[in-house]
1. Of S160, S308, S118, which has the largest mean-square fluctuation in a 10 Å C-alpha GNM of the chain?
2. If you take the C-alpha gyration tensor of the chain, multiply each eigenvalue by 5 and take the square root, what semi-axes do you get, largest first, in whole Å?
3. Rounded to whole Å and sorted largest first, what semi-axes of the equivalent ellipsoid does the C-alpha gyration tensor of the stretch 81-167 yield via the square root of 5 times each eigenvalue?
4. Could you identify which residue out of P260, P124, P249 has the top mean-square fluctuation in a GNM of the chain using Cα springs shorter than 10 Å?
5. Could you put F375, F94, F103, F231 in order, starting from the residue whose Cβ has the fewest other Cβ atoms within 10 Å?
6. Which whole-Hz couplings ³J(HN,Hα) result when phi for each residue of the stretch 61-68 is put into the Karplus expression 6.51 cos²θ - 1.76 cosθ + 1.60, θ = phi - 60°, listed in order with x for Gly and Pro?
7. Could you line up T98, T161 from fewest to most neighbouring Cβ atoms inside 10 Å?
8. Compute the relative contact order of the stretch 179-255 as a whole-number percentage, counting only Cα pairs closer than 8 Å that sit 6 or more residues apart in sequence.
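Here, each number is a calculation from the coordinates, and none is a lab measurement. As the structure is a computational prediction, the values presented were derived from the model and not from experiment. Quick reminder, even Gly has a Cβ in these numbers, built from the backbone with ideal geometry, and neighbours come from all protein chains shown.
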Amino acid sequence: MKKRWWLLLFLPLLAIFLLPPVRTLTAQIAPQFGDPLPGLPDHILAQFHAGKLKFMEVQTPATGLGPVFNGRSCAECHSNPAVGGSSDNRVIRFGTRTEHQAFDPMLNLGGPNHQKFSVGGELPGCSLAPEVVPANAEYTGLRQAPQLFGLGLIQAIPDSTILAGADPDDLNGDGIAGRANIDNGVIGRFGWKAAGPTLVNFVGLAMLNELGITNHLFPNEMSPQGKPIPFGCDLAGDPEDADISRIAPLTFFVTHLGAPPRGPITDAVLRGEALFTQIGCALCHTPSLKTGPNALEALNQKDVPLFSNLLVHYMGGSLDDHLVEGAAAGGRWRTTPLWGLRARSFFLHDGRTTSLTESINLHGGESYQVRKRFFELPAAQRADVIAFMRSL
């Protein structure tokens, strides 16, 4: 009887050791998409969830929506694969050149963002039409909604760390000349061209441009087509978020939103990661940066595996839409953080492609040599690089 008991215990263990090794590993025990930063104390978690409710809250003309807008809630454009993610929604930016060839965002005609909806018809006596892109706008460009995961970690990276990676004159001769988007002495890091310096600025501008809700940072209503707002089309006084009851919890939510979790790591992913570095992708898509000292442990001196240097680079004519943001000209774009890539359906700033290979093919300018090395790889190795990117 004793031998039979030992056999019953031993056989399952033997079976485990005799099974072929499983080569698919999980990258880490990480939060799911949309979860808060790990290890937050209860009182901060409560504020995070309160901010999430604000993020999902549907706005109305009575709460300040409009008079022109692109969405009725933050989550309308940031929900895939979870609240705080991206979407296939795109907005149009536009601009022109002035007589002296300086870029003009056409603020007097409702620029630089086009708002595709209006409150016309929702309010008695308001017949305001949605905006149209001005006929004299020389340049237009699409922008897709970015993922917001891990932005608090990005904010906690010191300016000095970003500047340490800059080489605007390509002194090392590698063909890469990344520079910070510095406007009025302030270093930007958020948005497709790194024009946003802080998360509260990023959130406040989105409230205005996408929801039409004025706030203390951006107190002036977006005038549709630059014309006065018709009577009866704007119910709330400006700033519409006078008590900061929206910008504060929204910023808190985004600040404490966790980084996107890694996908499975297979042999192909490991091979692709080595090739990613070997051909030079990591020269711009820096695998990891580090946060500085922070009173909150969840942000204190943490490795941030974002795969970006947060600098802007000239990316060639195929990606140049001639639209300027801060110190970043039309062909200059922030190195897109690749974390969370596996949950995206569309790639590049305008979401023009669903193919990562095509996205790489459109890289030019400073990334031309890296692109060339990628396409010189055998097909199997190119597939490994794509597998690695799809694991992020």
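1. Residue with maximal mean-square fluctuation among S160, S308, S118: S160.
2. Values: eigenvalues 333, 161, 73 Å².
Over the Cα atoms of the chain, the ellipsoid semi-axes are 41, 28, 19 Å.
3. Equivalent ellipsoid semi-axes, largest first: 32, 24, 11 Å.
4. Fluctuation is largest for P124.
5. Sorted ascending by nearby Cβ count, the order is F231, F375, F103, F94.
6. Here the 3J(HN,Hα) series is x, 5, 9, x, 4, x, x, 10 Hz.
7. Details: T98 8, T161 16.
By the 10 Å Cβ count, ascending: T98, T161.
8. With pairs under 8 Å counted, the relative contact order is 24 percent.
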